[in-house]
Structure formats: C-alpha cells, structure tokens
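*Asks:* My structure is below; once you've seen it, I'll send some questions.
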Amino acid sequence: MAIVLALLSAAAYGVSDFLGGIFSKRASPWQVAVVAQMSSTTFNALAGLVIGGNPVRADWLWGAVAGVCAGIGAVFLYRGLAGARMGVVAPLSAVGCALVPVVVGLATGDRPSTIAVIGIVCAFPAMYLISRIVDEDPTHRGGVFDGIMAGLGFGLLFVFIGQMSDDAGLMPLALAQAFAVLGVISMAVSLRQAFVPRTREPWRAVVMGPLGAAATGCFLYATHHGLLSVVAVIAALYPAGTVILATVVLREKIHAWQGVGLAFAVAAVTLVAIG
C-alpha cells in the first residue's frame, strides 16, 4: 500500500509540474506558483473537512514548518530555473528531495531490506538523469546553490510531513500549503517579481490545486504505511511523469540519458516493491 500511495504522489507531482511548466510559458512563474499553492491550500482544507481527523498541536507545528520548507524549496527552484543553468538546478533539487528523507529516515531507525536499499540506490541516478535539461542559454550560469537549497527545502517538506500522526487528517497539510504561499510571496517581493495575477493566464493554475492536494495527501498516508526512507524516494521520482507527459503530449524528444534514467526508475520501483 505504501508503494502504491508513493507512486500516486509522484504521479500527481509530475502532472502538476508539467502543467506548471506549460502555464509559466504564458504567465509569470511566480504568479502561477501563488495561484497553484492557494488552490492546493483550498482543496486540502476541503478534503480535510470531508475526511476529518484529530490533529494535535504537534501536527499543526509540523505542518507550519513543512510549509516554510516548501516555500524555501519553491523559491530557490524558481530562482534557479530563471537565472541559472536548468540542467544543474533541476537534477540537484530532485536528488536532494530524496536524499534528505533517506538520511533522516535511516538516522531515526528505518531499516529497509537489502533489496529495497538497492532500489533506493538505483533511484538517485534515475532522478538525476531524468531531470537533466538541455540549457544552451549563455546567460545562465551556476545554479548549484539554488539546486541544493531547493532540494533541501523539498526534502525537509517530506521529512516533516512524515512526522504527522496517523490521526492528523489533511488540515495540517492545508496549513503547510498556506505557509508555502507566504514563502513564495516573500521571495517574489525580495526579488521584485510580480506575484499578483492580473490576467486570466495565471489563474489557469487553479487546476493544479487538486493535484497538489493529492500529492501531499498520498505522501502523508504513504508514510503511515511504510518507511520514510523508502516512500520519499519513490515520491521523488516525480520528474519521470513530467518527462513522459512532455513526450506524449508535446512530442518532446527523450534524450538518451533520460531513457537510461527512466530504466533506473523502473528498476528502483520494482526492487523497492519486492523488498
């Protein structure tokens, strides 16, 4: 069950990123991010009211901290993709997103089987290769710091979501999304970027709300049924969904290294599932 939920989380994140990329071609990525996060907050809150739950004070605190980390990850990712080498930022953020929960999970007592460990190891080259982007813009330089910070932010998001109790429900996730909105707005203001949607185009990102809510919700419940170090790695394979959609819908070419990465991803999921 944990692996299925983690895969559903990865799929939802992958589709959301794909749509975000399309919407950001016609509108400011900051405006798209704000609308998407606000929509996710709303849908998480609505789902939380329907599903119910009994969150304790610690769950609210984990949600708030998780939201801050999500905001940090998002702003460094957007800053890096906008001004640095995308082929550096994207792979580093994807690998960091999985590496942080793995380290924390193992440090706090996770003991995956040998086969699952091999699957986890296979997942890292999968994330790196799948996320590599051809970026020939000579104005784009560096990106290592932004990529590392984005990966750290998203990785800690996974870690803190994993600390929520089994009875927390989804309302703490709504709080996390709300804090993420504030993080994106804060960075946009500091970088003097327009974040208030003033045309119709950014509002198309509203459809990303259910996907964001599904991604975080599935990940939360996956951590209740499996080890954090395992489910986080599977969920962090979300770039595979983005690449596959870009290939099928936009007819984009899969580069050789991405094909190898997808093969590693299949091996990783298979081995973790068996383990």
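*Asks:* Does any residue of segment 197-216 turn out to be touching a helix residue (DSSP H, G or I) at 6+ places or on another chain (Cβ under 7 Å), aromatic (F, W, Y) and buried (at least 18 other Cβ atoms within 10 Å of the Cβ)?
*Replies:* No, segment 197-216 has no match at all.
A quick yes/no check of all residues on (1) aromatic (F, W, Y); (2) in contact with a Lys or Arg (Cβ under 7 Å, 6 or more places away or on another chain); (3) farther than 22 Å from W203 by Cβ:
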residue: Y13; (1), (2), (3): yes, no, no
residue: D17; (1), (2), (3): no, no, no
residue: G21; (1), (2), (3): no, no, no
residue: A33; (1), (2), (3): no, no, no
residue: A36; (1), (2), (3): no, no, no
residue: A47; (1), (2), (3): no, no, no
residue: P55; (1), (2), (3): no, no, yes
residue: G63; (1), (2), (3): no, no, yes
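*Asks:* Under 9 Å between Cβ atoms, at least 6 apart or on separate chains: pull out the pairs that start in segment 38-63 with a residue that is within 12 Å of A178 (Cα to Cα) and in contact (Cβ under 8 Å) with a residue 60 or more places away in the chain and end on any residue that is surrounded by 21 or more Cβ atoms within 10 Å (Cβ to Cβ) and β-branched (V, I, T).
*Replies:* M38/V181; S40/V181; S40/T216; T41/V181; N44/T216; G63/I161
*Asks:* Suppose we filter segment 1-50 for residues that are surrounded by fewer than 20 Cβ atoms within 10 Å (Cβ to Cβ), of a type in the set (A, V, I, L, M, F, W, C) and not in a helix (DSSP H, G or I); how many remain?
*Replies:* Looking only at that region, the number is 1.
*Asks:* If I filter segment 175-188 for residues that are of a type outside the set (D, E, K, R), under 26 Å from R26 (Cβ atoms), touching a helix residue (DSSP H, G or I) at 6+ places or on another chain (Cβ under 7 Å) and part of a loop (DSSP other than H, G, I, E, B), do I get at least one hit?
*Replies:* No, every residue in segment 175-188 fails to be of a type outside the set (D, E, K, R), under 26 Å from R26 (Cβ atoms), touching a helix residue (DSSP H, G or I) at 6+ places or on another chain (Cβ under 7 Å) and part of a loop (DSSP other than H, G, I, E, B).
*Asks:* One residue is enough: does segment 159-166 have a residue meeting the conditions surrounded by 23 or more Cβ atoms within 10 Å (Cβ to Cβ) and not in a helix (DSSP H, G or I)?
*Replies:* Scanning segment 159-166, I find at least one residue that is surrounded by 23 or more Cβ atoms within 10 Å (Cβ to Cβ) and not in a helix (DSSP H, G or I), so the answer is yes.
*Asks:* Then there is this: Does V75 satisfy the condition of being among the aliphatic types (A, V, I, L, M) and touching a residue at least 12 places away in the same chain (Cβ under 8 Å)?
*Replies:* yes
Results for (1) at positive phi; (2) at pLDDT 90 or above; (3) within 15 Å of the chain's Cα centre (by Cα); (4) β-branched (V, I, T), shown as yes or no for each residue.
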site	(1), (2), (3), (4)
V184	no, no, yes, yes
S190	no, no, no, no
F195	no, no, no, no
R198	no, no, no, no
G209	no, yes, yes, no
A214	no, yes, yes, no
L227	no, yes, no, no
L237	no, no, yes, no
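*Asks:* Something else about it: Could you list, in sequence order, the residues of segment 214-230 that are of a type in the set (A, V, I, L, M) and within 13 Å of Y13 (Cβ to Cβ)?
*Replies:* A214, A215, A222
*Asks:* Check T242 against each of (1) assigned to a helix (DSSP H, G or I); (2) under 25 Å from L92 (Cβ atoms); (3) at pLDDT 85 or above; (4) within 16 Å of the chain's Cα centre (by Cα) and name the one condition it does not meet.
*Replies:* (3)
*Asks:* Hey, among the residues in segment 249-275 that are assigned to a helix (DSSP H, G or I) and among the β-branched types (V, I, T), which one's surrounded by the fewest Cβ atoms within 10 Å (Cβ to Cβ)?
*Replies:* Residue satisfying both the conditions and the ranking: V249.
*Asks:* Of everything in segment 124-145 that's under 27 Å from A268 (Cα atoms) and modelled with pLDDT of 80 or more, which residue is surrounded by the most Cβ atoms within 10 Å (Cβ to Cβ)?
*Replies:* M127
*Asks:* How many residues are buried (at least 20 other Cβ atoms within 10 Å of the Cβ) and either touching a His at 6+ places or on another chain (Cβ under 9 Å) or not in a helix (DSSP H, G or I) (or both) if we restrict to segment 104-123?
*Replies:* Adding up the residues that qualify gives 1.
The values are calculated or read from the model by the stated rules, or taken from the named source; none is laboratory data. Keep in mind that what you see is a predicted model, and the values were worked out from it rather than measured. Note: ideal-geometry Cβ built from the backbone for every residue, glycine included; neighbour counts use all protein chains shown.
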